[in-house]
1. Name the residues in segment B:34-50 that are of a type outside the set (Ser, Thr, Tyr), under 20 Å from the mean Cα position of the chain (by Cα) and not in a helix (DSSP H, G or I), would you?
2. Here are some residues: B:87, B:119. Which one is small (Gly, Ala, Ser), within 19 Å of residue B:171 (Cα to Cα), outside any strand (DSSP E or B) and in contact with a helix residue (DSSP H, G or I) (Cβ under 9 Å, 6 or more places away or on another chain)?
3. Residues that are farther than 30 Å from residue A:134 by Cβ and out of contact with any helix residue (DSSP H, G or I) (no Cβ under 8 Å at 6 or more places or on another chain): does segment A:170-178 have at least one?
4. Going through segment A:37-76 one residue at a time, which ones are out of contact with any Pro (no Cβ under 7 Å at 6 or more places or on another chain), polar (S, T, N, Q) and closer than 30 Å to residue B:20 by Cβ?
5. Looking only at residues in segment A:130-140 that are facing chain B (nearest Cβ under 7 Å), touching a residue at least 24 places away in the same chain (Cβ under 8 Å) and not β-branched (Val, Ile, Thr), which one is nearest to residue A:67 (Cα to Cα)?
6. I need the full set of residues from segment B:19-33 which are without any contact (Cβ under 8 Å) to a residue 12 or more places away in the chain and either more than 7 Å from chain A (Cβ to nearest Cβ) or not in a loop (DSSP other than H, G, I, E, B) (or both), in order please.
7. Can you tell me which residues in segment A:220-279 are among the polar types (S, T, N, Q) and surrounded by 15 or more Cβ atoms within 10 Å (Cβ to Cβ)?
2 protein chains.
Amino acid sequence: MDIHSPNVASKADALALRYGSDAMPAAGPWNEHIALLLSHRSVRGYRPDALPEGTLETLIAAAQSAATSSNMQTWSVVSVSDPVVKAEFARISGGQKHIEQCPLFLVFLADLSRNDRLAKANGAELEVLPYVETFMIAAIDAAMAAQNAVVAAEAIGLSTVYIGALRNDAARVGELLGLPQGVVGVFGLCVGYPAPGVTNEVKPRLPQAAVLHHGTYDHAGEPAHVASYDEKLSTFSGRFEMGQTSWSGRVLNRMGKLKGLAGRERLSGVLKAMGFPLR
Amino acid sequence: MDIHSPNVASKADALALRYGSDAMPAAGPWNEHIALLLSHRSVRGYRPDALPEGTLETLIAAAQSAATSSNMQTWSVVSVSDPVVKAEFARISGGQKHIEQCPLFLVFLADLSRNDRLAKANGAELEVLPYVETFMIAAIDAAMAAQNAVVAAEAIGLSTVYIGALRNDAARVGELLGLPQGVVGVFGLCVGYPAPGVTNEVKPRLPQAAVLHHGTYDHAGEPAHVASYDEKLSTFSGRFEMGQTSWSGRVLNRMGKLKGLAGRERLSGVLKAMGFPLR
């Protein structure tokens, strides 16, 4: 088999990039698969180059191989190549040009309509459809499938970025894709080769101790973990992004004011109109 | 690097196991990473054998390497080893004994409380917290993280199964784990070595054409795809599970009646009580 794992680092290097050399977790098993996972970075600028033939089908085979709740398979995906539609998606997403640049743009869907059609064809109704639980199953199914697609893409030297901002106007996304009732775009995914000069570095995350709890939830050490991470992310953003911003600063900026939701504060009503009453 | 990919099949074999030889998608790029993804199967019976040292930390490093919406990192995870708690989780989940058997049981959490604490420490409030959108971000973050942990586990020869049935009683799960307001268990994950004799086969999925749409959503061919898949899953379940059941039969059985939700029809109210008003 042809193994091609771009940009993977050694174990120590990979953990140091992800956590900083002062916060590396205990050493555990390691191989090239894990190195690939650790090497993930989101990329927001693409070359127009076409992908190898069959790439879409390979990514979807990986996606369909993820677990799905009770094998109900309550997700679907639309591959979008029309430049007009992609431009409209970029606009909805607050001007994310990479949606227009990338050669493959996927919209992952929470999809209860397929199972509903199947039931109706059998003269039955599905009582569980209106519930929050069932919407959650569909959204989580879609997320796990998409994550497998991302790993598959990175495994063959491609880059990706998720576009949650499609939810800024989920109704319009539904119109553009011709979605029936009971189907909603959960997020988009850009796939392609990074453009030259685009920031393409592993972003540090919170120390494991801030995220991983043993037995019961315990946040006693959290202020120290956040303080250390604030410093780390300031340095990172100073190197690669506009200005030095701590993680705390970013959280307050993104989550503090309702305008940070950029339309998504209306999502509950939009979902109801699209066939998800969230009962 | 030490590459260890158990049970991976050749490209043609892997696609035939996943789709049936009559429904194989167009050939695309292939390597050992993609073979690993295609080889996934959920396993519902475990040996008690301990995992290699550092396995938990490696899985969490993989999980934290997944994308997270705006780097807000709105998820956490609890590792549970107390046999009394695991037995209670098995009970909540409708008697899933593998929760008690597996040497590593993780509960993935949608966690808005960490960012809320951070804001309060800075004398601020996060206006976005009560919205459906923010809950969705947290649940999707958790799902993508967990899927990376699953891939990492399978990469080192371990097996897994997600336990969505923890949501049968999310409030009790919260009590057992000491979860603060704004934190909820989204699903569990068993990790371990398969017990001898446990069914451990790749389950066929719907044909790609039933799930993948080009440009716009189009379900014209769906009845034929479902009919062919019904037959495939009947054969599979006849070989490995109790009786021959078509996929349509399973969908109607699982989603037709409210009792299929096994308590999860109350999830909306439970979430509200746990700090997710789903506005």
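1. Just the residues of segment B:34-50 that are of a type outside the set (Ser, Thr, Tyr), to begin with: B:34-38, B:40-41, B:43-45, B:47-50.
With under 20 Å from the mean Cα position of the chain (by Cα) added as a condition, the list becomes B:34-38, B:40-41, B:43-45.
Correct list: B:40, B:41, B:43, B:44, B:45.
2. On the way: B:119 fails: within 19 Å of residue B:171 (Cα to Cα).
Matching residue, one of B:87, B:119: B:87.
3. Here is the first cut: in segment A:170-178, the ones farther than 30 Å from residue A:134 by Cβ are none.
Checking segment A:170-178: not a single residue is farther than 30 Å from residue A:134 by Cβ and out of contact with any helix residue (DSSP H, G or I) (no Cβ under 8 Å at 6 or more places or on another chain).
4. A:64, A:65, A:68, A:69, A:70, A:71, A:73, A:74, A:76, listed by residue number.
5. A:139
6. So in segment B:19-33, the residues without any contact (Cβ under 8 Å) to a residue 12 or more places away in the chain come out as B:21, B:26, B:28-29, B:31, B:33.
B:21, B:33 - these are the residues of segment B:19-33 that are without any contact (Cβ under 8 Å) to a residue 12 or more places away in the chain and either more than 7 Å from chain A (Cβ to nearest Cβ) or not in a loop (DSSP other than H, G, I, E, B) (or both).
7. Quick first cut of segment A:220-279, residues among the polar types (S, T, N, Q) only: A:228, A:234-235, A:237, A:244-246, A:248, A:253, A:268.
Selection gives A:228, A:234, A:237, A:245, A:246, A:248, A:268.
Here's the yes/no breakdown for (1) surrounded by fewer than 19 Cβ atoms within 10 Å (Cβ to Cβ); (2) at pLDDT 95 or above; (3) not polar (S, T, N, Q):
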residue	(1), (2), (3)
A:1	yes, no, yes
A:5	no, no, no
A:19	no, yes, yes
A:36	no, yes, yes
A:51	no, yes, yes
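The values are calculated or read from the model by the stated rules, or taken from the named source; none is laboratory data. Predicted model only: the values in this text are computed from it and were never measured. In this analysis, Cβ positions are derived from the backbone assuming ideal geometry, glycine residues included, and neighbour counts consider all displayed protein chains.
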